[in-house]
Each structure stands twice: as structure tokens, then as C-alpha cells.
Amino acid sequence: MFESAKSAWFPPEASTTAAHVDHLLYFLLTVCGSVGLLVAFLMFYFCIKYRRRPGAGRPARTHASHALEWFWTITPLFIFVGIFIWGAVVYVDAYHAPADSIPIYGIGKQWMWKFQHPEGQREINTLHVPLGRPVQVLLTSEDVIHSFFIPAFRVHMDVLPNRYTSVWFQATRPGEYHLFCSQYCGTNHAGMIGTVVVMEPADFENWLSLHAEGSLALEGRKVFLKYRCVSCHSANAGARAPVLEGLYGNTVRLNNGRTVIADDAYIRESILDPGAKIAAGWENIMPTFRGQITEEEIYALIAYFRSLQRGQTPRRVEDYPPPTGTPPINTKTPEGGTSDGKASVPKQP
Amino acid sequence: MSLKDTLFTEAEQKALFDHTFLARERLEEQYASLPHQSETAAFGMWVFLATEVMFFGTLFLSVGAYWCLAPEVIERASLELNWIIGGINTLVLLVSSLMMVLAIHSAQINRQSDVYRYLLLTAGLGVCFLCFKALEYYIDYRENLIPGFKFDEAEWVSRGVDASQIGYVKIFLFLYWTMTGFHALHVTIGIVAVLVMAVLTRRGHFSAEYYSPLDVTGLYWHFVDVVWIFLFPALYLLGTHRL
Amino acid sequence: MTTATLLPPAPQPAEPPAERSNYLNVSYGVVSWLLTKDHKRIAILYLISVTVMFLLGGVAISIVRLHLMTPQGALVSADTYNRLFTMHGVIMVFFFLVPVAPAVLGNFCLPLMIGAKDLAFPRINLLSWYLYVIGGAWTLWAMLTEGVDTGWTFYAPYSSQATHYNVVPTLIGLVLAGFSSLFTGLNFIVSTHWLRAPGLTWFRLPIFVWAMYGTSFISLLAVPVLAMALILLMLERLLHIGIFDPALGGDPLLFQHLFWFYSHPAVYIMILPGMGIVSEVIPCFARKALFGYTFVAFSSLAIAFLSFLVWAHHMFVAGITLYAALIFSCLSFLVAVPSAIKVFNWTATLYKGSIAFETPMLFCLGFVALFTAGGLTGLFLATLGVDIHVHDTYFVIAHFHFIMVGGMVMAYMGGLHFWWPKMTGRMYSQWWSRLAALIIFVGFFLTFLPQFIVGYNGMPRRYYQYVPEFQVWNVLSSAGASILAVGYVLPLAYLIYSLRYGPRTGNNPWGATGLEWQTASPPPRDNFDVTPTVVRGPYEYDTGKAQNEP
């Protein structure tokens, strides 16, 4: 059963972050506890010692000492700076995922969690992760704001519609843990809970192979063809749009002179809002796919671009006719010369 | 000729007015003297205007935020606003502020009939502003610039706005309507206040010693003017207009 | 009676039955109350209205706590539950905590404390009560008919989607109530600047006035932003233009920024008056001048200023950038410093005093204890590394209830008991009121201490059902809440009883030094027969000589 049932006092400590957060908590409890107890003790002591006695006159004046005032102004300040720095270190650590994290794609919607593994497994309200490997969960929402919260891992991140956030953790104890939505999201907010299953690496591999449905990248390739992305983003000479090989994680120069890292958010934005950031040297001829493509399909595309190596881009769509049933896409004719631009996407270094 | 006029000379009337009527009727019990009361009222209006700054500031902040997010689209949308009428209205309000200043100046030198005339001019220019504004709103309506009510996405695509970015156009226009709408509401309140002051002036409510409500109304009117002076460039002049 | 100087603080014998004219008997009839310009009568009107609101908010949360006795929560449906906690939050925050201290105690005491006959703008004062009542009635109607289930935070895009009941009417009510507190704040600031009695310099003002000044400053600058954010949200709902809803191209974080730009300073609107009350009561019953007056006064202003710079600490895991999180965390620690200064100074005021444990003092000592606990747990939340775990859990709930209920409501009770003899001319039962203070203190701890633990264990807020391992803490919390409820009903009974049967008190039953105690109880319509002249600081309770002086 759930690990947390073992103790009603303290949640299970099942990730590397959890240990950091708990140590910080112990420190805070010690410092704040002693200050609190000191104040309580002094108040209690003064109240007893200086209680009003019958017949007592008015007490003498105590002159406030500026040195004392400054002492208890400056001292807390120094303690606070210390706490702040420690807290910031833990936060920064929890903010930046290690480079070798396993990417998992998560979607929150009223009122369920959906996850996709790079190997293609899909899960609802359950998330299987291996022990001792950093895992990064990329998160987005299909409707309102949710929040991804695993108490045992001490990780927490709001899940926003139309935007990516991410959270990472490295599990340290096998077992089953709660996954909660902690941002109020409607009627069944309390029912938007799931289970995180931490497995030994070998068991996890086993589980992966048992539930394999073809990798997410392969899925993404299908999406790439289904929406006829390939008719422009093709490997043919004179293609009408940049080749996307080796794009993921690299710097893209934009036509307004700025640069941007081609991360998950950039790819998503370029699909839904193609005019927002245009690669240098290209005209924006791409229609928006907002309302046509689902969040899951975007995730698949991202996984596909992550895996796309040089020379793997499919050729133009004529060679690969789209599957039947694809919704017609509002393609526009390119304005002016289409291929006058130089390839702006940096090739593999 | 009233009984009052037959009994007292003008100077005596003024003394009576100042010392009995003013002291009894104008001065509220919590104040030591009329100047004390007037200064407090003016201070109160300044504090109130500080809250108004925050009120409009939120809207300016929103415009700024979306301008940073999508500068080209917002500037393109701004081009469609009628900057000529906006410019005329800026002049109208500036002149009305001048009239307000003249009204208060006349009050200070106790020329009550001038006060009345200038107040009417102020209010008249305010009404003039609202008429131009109404005309502009009508033109906006004709040009499909009302998101959620009368709006044509295809037009904006033909103006070179990417289909996926039309949302920003709508937000900008929405903020335009909200900001100019709230400003127009303030102008309307201001006109009513100025007209009330005009009536009070006509009834001989004010004198060189006591014109505090006029002063406070003037502050409010100038503020409404200043808001427009910031609002005009922030909404109308984001893009480069060509004649 | 009023004299040119402050009287030495000594309890006076009870006056003979008061026949003299006071603000209560100067005129009779409903109309004389509903059209009054007297700040004292307006304070009484507010007292009645906020008490009604407090009871309604209390009923809502009682049902919620009963519901949470079992993990499945069998009492009400999920939808009803969501409406109940929204009702509790909206009423308690916007219609009780924000107005209670300024509108009731501030309205009554501030003009008396500065030696004025009334506030600067009495009509605006009455107007703000009407705005409060209309806004309150409107919001109540909206919440009791179809209901609102967005939580008191109204986060977009949830609140801007079309299906969620009476959001727009509720927002209209909140905007009206917001303007009510804005006008009250305007009145206080102007009055403090212009209506102080002769000789009452800024550094002779009671800390309560300083606190009210800081509170008003926050109201004035923050309320318009909230009003505008709520108006934009309303328009978004009505016209489907996405300022905040990302499905329409808006930015949901913009709403959070605007909302917390008001609602974090609003926390200090709620707590600053409480600090002011405690700074009046503790010197009075310890018979000592307030320790470190200047530091306490300036810390009120520092809080008012810094409170505007920390709003995004509600959004550490909301998707803001790393640098924003670091800066806002750092600033949040800064705002804790002035609060710490106040706690240390209150404690030091007790040193070598002559401490009497009358009811107001008991409430205020309770305030210091609970506020310290609440403030220290606030440090946990300001710490980025801990906030990523406890954000939006019951830990947060417990923390802000320690500040709001343990802090503000305790202080309000303390202030109400302190000034009750001044307001009514009658004294309540000391035995019952001390019992109530004790019950509230114990009930409070039992209600909210378990919530810290269940919060750290990971129970998210606004859950109508929860996993079974959290049950023990929820049962404890509900048990505490029932004790707390008894504690809050008791004062209602003995205070109302005292109106008719309580013994008459003299002008200054506590032997306090404030100007408000120098006039009759209840005060006459014009507060003072002769405008007082002030020649001393506010807290000259002690002998004025240091111990080692001859």
C-alpha cells in the first residue's frame, strides 16, 4: 500500500529533492522554533514575574535602548539572508533538470492526468518511473490551471494551459506514492489524483517492454506526415521551410535579429503561433495548427524532433501520401520568392 | 429688490455672508476654519486622484504587457484607431482645462459671472469631447473594431496580421474600449460636477474666500485631462501613422 | 471631561448614571441612524454588519469542517463543498477581515484618538458603509442563489469560463466593497494629516493611528488594481475577449499578478490594525510606555511599503522565472523584519511592568503568541526550497489562519473588549469574557496546528475528499473548530447581555492614557466638549522616571 500510510507525522522521503527540502525544514524548525520558544518563554516569564500586585504603584520607566532595537533588527536580517540562500540553493537545484533526465510528457485536464513515455507508453492517473534515474516531466494543461504535486518527492509545479512548465525528480525509494492536483480546478479537483510507481530499473525496463506501443518519436513521425508538415519542412532541394534536423536544443537565429533556443516551448509556439518567432531568412507561410492538433500530438512531434538526426527528414509528401481522413489544411501560397532565404537553422555542429 | 438688499449695503452683505452664513453653513464642525477645511478637501482630492492613477495604471500596464509580448501586432492594430479624432479631442480637453483654470482664477478675484461663464465653457468642451468620442465610436463600429460584437478576422489577415495572432488584436481593441470607456465615464462625471458648480456659482454659493468645491472639481477635471494625455499616445500612437 | 493635559492613569470611580447627552441618545429612530454622519454611529452600523458577515462565513466553514471529518466527505456534494469554501473565503476576506478593524474600531477610535470632532469627510464615510452593505448584500445574493465555486482567488482561466455560476455578480459586489474600504482609507489619511488636535505631533500619535495610516495607504493604492483586475475578468466573461484566458490568447499569470498585487498587501490591511490594537492594549495593562515607539511606528510604514513588493511569493511554482522567484523570496524575508521588530518590542514592553490580566490583555497576549507562530511559519513559505513542497497545501491554510484568525481576529476581539466600555458605556462580564479568550485560544491551536502537519504531509487545499491517512489530523482540526465556534458565540452572548444589564463604567475604566479615554463614555456627539491640547507622548503609563533615578 502507500508508503505514506506508515507515518501520520511525516510524509515519506522518496527523492533526492525530498532529502534537501527536509534538511532545510529541520533547520528552519530549529531556528524558528528556538526564536518562537524564546519569545513565548520571555512573555510567560514576564507575565508571572511582573504581574500586578495589590498596592503596587506605577512602575518605573525602562528606557528603550537603540542598540537593542538595532540588534533585533539586524540579527533577524542576517538569519533571514542565511535561510534565503539555503532555500534558493534547493530551489535552483529543483528548477534545473539534469541533462540526462528521461523526458516524460504530462497533460492535466479536468480531472485526470495523462502521461506519455518516450518509448510510447501512455498512462492515465498512474506514472511509472525508474529508481535512481532523473526524470523530467514536461507539463501542460488542456483547460484550466492545475498543479502537479508529489508530496513524497517534495516537488510541485503549476500546469498551465497554452504553456509548458516542467518538473524533475530522482526517486530514491521504490514504492507507490500519491500524485495530487493542488491548484483548484473545478468540481472534481479532489478527484484529480493519481499514483506514482517507483520501480527498480530492471522492473521498469520490463514494464516498458510489456507496455510498448511503438516509440513516441515514431508516433511523432506519423503526426508529421498526417498534418503534411513534410510538404514544406522536407529534405528536398528548394524546400519552403527550414529543415528541422538537429533543431532541438540548438540556437535559432530569428528574422528580427534575436536568437532563441529551440526548446519544447519554442516548438509548441511555432506550431500553434507560427508568426510569433520566424527563423531568419524565411517568410512566414505556415498556417496555425491551433484547434487542429492535440497536445498529445505536439508532444509526439517534440519527441520526434528530439530524435531526428541528419538525413532522416522524409522527402516531400507526394512520396508519402497522408493517411486518409486528414482534415484539409488551409495552405497558403508563399508570397514572393520562397527559396531565396538561406537555410537559417544551424546544421549540426 | 429683496428685503436683504434694502436693509444692508453690499459691503455689509458681504461681511454678513462671510461671518455668519459661511461660518454656519459652509464650515463643517470638525474643522477649525474655512481655509483649514478647503486645504483638507484639496488634499482629499489629491489622495483620491492617487487611487485613480492606480486604477488607470492597471490598464496601462496591461497594454504595456501585451505590447511587449507582440509589438508588431499591437502597433498594427493601433494604426486602425482614428488618431485624427483622438488628436482633436486632445486639443478639446486641453482647452477645457484652460477654461477650468480661468474659472478658478476668476473665483479667486471674485468675478462670479466670469466663473459661471468659464464653467459653462468647460462643461461645453467636455460635451464636445464626448460628441467627438461618440463619432469615433460610431466610425469604429462601421470599421468592425468591436471585438466580441462586430469584428472581422479576415480583414485583419488582409492587413498582414498573422491569423494565429489575431487574439492580440482583440485584446488591444478590448483594452482600447475599456480605457476610453472608463475615461469617457470620468469625463461624464466631471461634466456633471462642473455643471453643479456652475449652478452653485449662479446661486452665489462661492466667494473669493470660499471656493473650495470649485478648486476640488478643477483638480478632478485636470486629472481627467491628464489621463487622456497619457492615453492618447499609449493607444493611438503606437504605430507610425501616415497621412 | 476634558482637560488641557492628559490625566494620570488611574481608574476612576464609576460615574453616577449618565443622563448627559451622548452619541447614542442624541437622537432616536432608524432614520437618525441610517442618515447619520457621526463616525461613532457609522462604526456601530459597521459592527453590526461585519458581525452578521462573520457569522455567515463561520456557518459556511462549519459545514466544511464537519464534511471533512471523513475521507469521503459524505455530508455535502463536491459542488456544494466548493461553493461553501468559496463563500467562506470571499465573506471572511472581503467582508470581514479587510473592513473589520478600520471600519469598526478605526472609525470609532481614530477621530477620538486624534482629538477631532469627526472624520474629514463624514458623508463619504457614510457612503462607504452603504457601498459595503450593497456590495455585501449583492455578493450574498449571488453566492446563496446559484453560488460561486472559484475560490476567493478567482484564478483565471477557471473563473472566466462560462459555466461557473454567479461569478460576475460576486465580482461586482467585491468591487463595491473594495471602494468602501478605499473611501474609509482616504478619510483616515486625510483626517490624520489635517485634523489632529493642537500639540498632537506625528510622534505623539498612538501606534493604532500609525497602523491605520499604513492600512489606509495600502487600501488606497491596492484596491483600484484589484477593482480593475476584477472588472477585466468580468468583461472577459461577458464578451469572451481573452485578457487572461489562454484559449483566447490571454495570459493567466497576468491575472495572478494583478490579483496578488492587491491581495498580498491586503494581508497587511488585515494584520496592521491588529498590531495597532495590541500596541494600545499591552502598554495599558502592563502600565509601561510602549518599548521602542519610533521603531514600532516606522515598522508599520515599512510593512505598508514592502507589502507592495512581495506579491509574487504566491506564485513560486506558478511558472514565473527563476530570477523573479529569487527576488520575490528575498523581498519576502525583508517584510518579515518589521514584524519581528514589533514582536520583540511588545515582549520588551512587559519587562518590569505591572501586568494585569483583564480580558483585552488576554486576547492581545494570545495575539502575540499566535502571530509569532504564524509569522515564523511564514518564513517557511518565503523559503523557496520549502515552498516548492508546501505551496497550496494545508500548511499554507494553517499559516494564514494563524495570521488572520489567530492574529487579526484575536486582536479585534481584544480591541472590541478594550473599547466596548467606551462605545457603550457598559462593562461586560469579566469571568465570561476571560473564559471566552481561553476557549478561543485553545480551540484555535487545536484547529490549526494539525493543519500544519497534514499540510506538510501533502494534503492539498480545497479538497472535498482526501486519502485516508490524513483523517486523524482532519478529525482533530474539526474538533478544534467546534471549540472555536463556542468561543466565538460566547462573546456575542455576554456582550449583548452587557448592553442592558452590564454595570455602567466611568470614562476610563482601564486607566488608559489615550485621548479617547479623556471624554465621556459613551462620548458626546461632538466627541470633546473642549478640543484637547496634547503635551505628552501616547503611552505615559509609568512614573516617567527611570528606575535608577531618584
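The values are calculated or read from the model by the stated rules, or taken from the named source; none is laboratory data. Note that the structure is a prediction, hence the values are computed from the model and not measured. Note: ideal-geometry Cβ built from the backbone for every residue, glycine included; neighbour counts use all protein chains shown.
Worth a mention:
- Pairs where the first residue, in segment B:168-184, is within 8 Å of another protein chain (Cβ to nearest Cβ) and the second is in a helix (DSSP H, G or I) and of a type in the set (D, E), C-beta under 8 Å, 6+ apart: none
- Within segment C:247-263, the set of residues being modelled with pLDDT of 80 or more and either of a type in the set (K, R) or part of a helix (DSSP H, G or I) (or both) comprises C:P252, C:L253, C:L254, C:F255, C:Q256, C:H257, C:L258, C:F259, C:W260, C:F261, C:Y262, C:S263.
- Counting only helices (runs of 4 or more DSSP H) that sit completely within segment C:27-137, those holding 1 or more residues that are within 15 Å of the chain's Cα centre (by Cα) correspond to C:39-67, C:78-90, C:107-113.
- Close pairs (8 angstrom Cβ cut-off, 6 or more residues apart or separate chains): on the phi > 0 side of the Ramachandran plot and within 14 Å of chain C (Cβ to nearest Cβ) in segment B:135-159, assigned to a loop (DSSP other than H, G, I, E, B) and modelled with pLDDT under 85 anywhere: B:G148/C:H240; B:G148/C:I241
- Failed criterion for C:G319 (all others in (1) among the small types (G, A, S); (2) in contact (Cβ under 8 Å) with a residue 60 or more places away in the chain; (3) crowded, with 23+ Cβ neighbours inside 10 Å hold): (3)
- One residue stands out in segment A:160-173 among those that are assigned to a strand (DSSP E or B) and within 9 Å of chain C (Cβ to nearest Cβ): the one that is surrounded by the most Cβ atoms within 10 Å (Cβ to Cβ), namely A:V167.
- Selection of segment A:79-114 for residues being within 13 Å of chain C (Cβ to nearest Cβ) and closer than 18 Å to A:Q170 by Cβ yields A:V89, A:V90, A:Y91, A:V92, A:D93, A:A94, A:Y95, A:H96, A:A97.
- One residue alone among C:A325, C:A318 is at the interface with another protein chain (Cβ under 8 Å from one of its Cβ atoms), more than 25 Å from the chain's Cα centre (by Cα) and not in a helix (DSSP H, G or I), and that residue is C:A318.
- Inside segment C:516-537, residues that are touching a helix residue (DSSP H, G or I) at 6+ places or on another chain (Cβ under 6 Å) and within 14 Å of chain A (Cβ to nearest Cβ) make up a count of 1.
- Top-ranked residue in segment C:441-465 [being at the interface with chain A (Cβ under 8 Å from one of its Cβ atoms) and surrounded by fewer than 24 Cβ atoms within 10 Å (Cβ to Cβ); ranked as farthest from A:L179 (Cα to Cα)]: C:I453
- Members of segment A:174-186 found to be more than 22 Å from A:E295 (Cβ to Cβ) and facing chain C (nearest Cβ under 7 Å), listed by number: A:H178
- Tally, over segment A:58-100, of residues that are assigned to a loop (DSSP other than H, G, I, E, B), touching a strand residue (DSSP E or B) at 6+ places or on another chain (Cβ under 8 Å) and buried (at least 18 other Cβ atoms within 10 Å of the Cβ): 1
- Residue count for segment C:364-385 under the criterion of being in a helix (DSSP H, G or I) and either farther than 17 Å from C:L272 by Cβ or touching a strand residue (DSSP E or B) at 6+ places or on another chain (Cβ under 9 Å) (or both): the result is 12.
- Of all residues in segment C:358-378, exactly one satisfies the criterion of being over 24 Å from C:F418 (Cα atoms) and touching a residue at least 60 places away in the same chain (Cβ under 8 Å), namely C:T377.
- Contact map, segment C:170-191: residues that are closer than 17 Å to C:M143 by Cβ and more than 9 Å from every other protein chain (Cβ to nearest Cβ) paired with residues that are of a type in the set (G, A, S) and outside any helix (DSSP H, G or I), Cβ distance under 9 Å, separation 6+ or inter-chain. Pairs shown: C:L171/C:S159.
- Test: residue in segment B:25-46 that is under 30 Å from C:I231 (Cβ atoms), part of a loop (DSSP other than H, G, I, E, B) and at pLDDT below 85: no
- Scanning segment C:328-340 for residues that are more than 20 Å from C:F291 (Cβ to Cβ) and under 20 Å from the mean Cα position of the chain (by Cα) yields a single hit, C:V335.
- Checklist (1) more than 9 Å from chain C (Cβ to nearest Cβ); (2) more than 41 Å from the chain's Cα centre (by Cα); (3) of a type in the set (A, V, I, L, M) applied to A:L37, failing item: (2)
- Count - residues of segment A:128-148 that are assigned to a strand (DSSP E or B) and either more than 28 Å from C:A156 (Cα to Cα) or in contact with a Cys (Cβ under 7 Å, 6 or more places away or on another chain) (or both): 7
- Segment A:109-141, subset under 12 Å from the mean Cα position of the chain (by Cα) and not aliphatic (A, V, I, L, M), residue surrounded by the most Cβ atoms within 10 Å (Cβ to Cβ): A:S141
- If only residues of segment C:247-298 that are of a type in the set (S, T, N, Q) and surrounded by fewer than 24 Cβ atoms within 10 Å (Cβ to Cβ) are counted, the one that is farthest from C:M404 (Cα to Cα) is C:T294.
- Residue in segment C:291-311 that is at the interface with another protein chain (Cβ under 9 Å from one of its Cβ atoms), assigned to a helix (DSSP H, G or I) and not polar (S, T, N, Q) present: yes
- Residue under evaluation C:G73, criteria (1) at pLDDT 90 or above; (2) farther than 28 Å from C:S181 by Cα, criterion not met: (1)
- For segment A:186-282, the helices (runs of 4 or more DSSP H) that sit wholly inside it and include 3 or more residues that are over 21 Å from the mean Cα position of the chain (by Cα) are A:201-210, A:216-226.
- Of all residues assigned to segment C:264-277, at least one qualifies as being within 12 Å of chain B (Cβ to nearest Cβ) and assigned to a helix (DSSP H, G or I).
- Taking the criterion of being outside any loop (DSSP other than H, G, I, E, B) and either within 19 Å of the chain's Cα centre (by Cα) or more than 7 Å from chain A (Cβ to nearest Cβ) (or both), the residues of segment C:341-363 that qualify are C:K342, C:V343, C:N345, C:W346, C:A348, C:T349, C:T359, C:P360, C:M361, C:L362, C:F363.
- Some residue of segment C:455-469 being part of a helix (DSSP H, G or I), in contact with a strand residue (DSSP E or B) (Cβ under 9 Å, 6 or more places away or on another chain), modelled with pLDDT of 90 or more and over 27 Å from C:W517 (Cα atoms): yes
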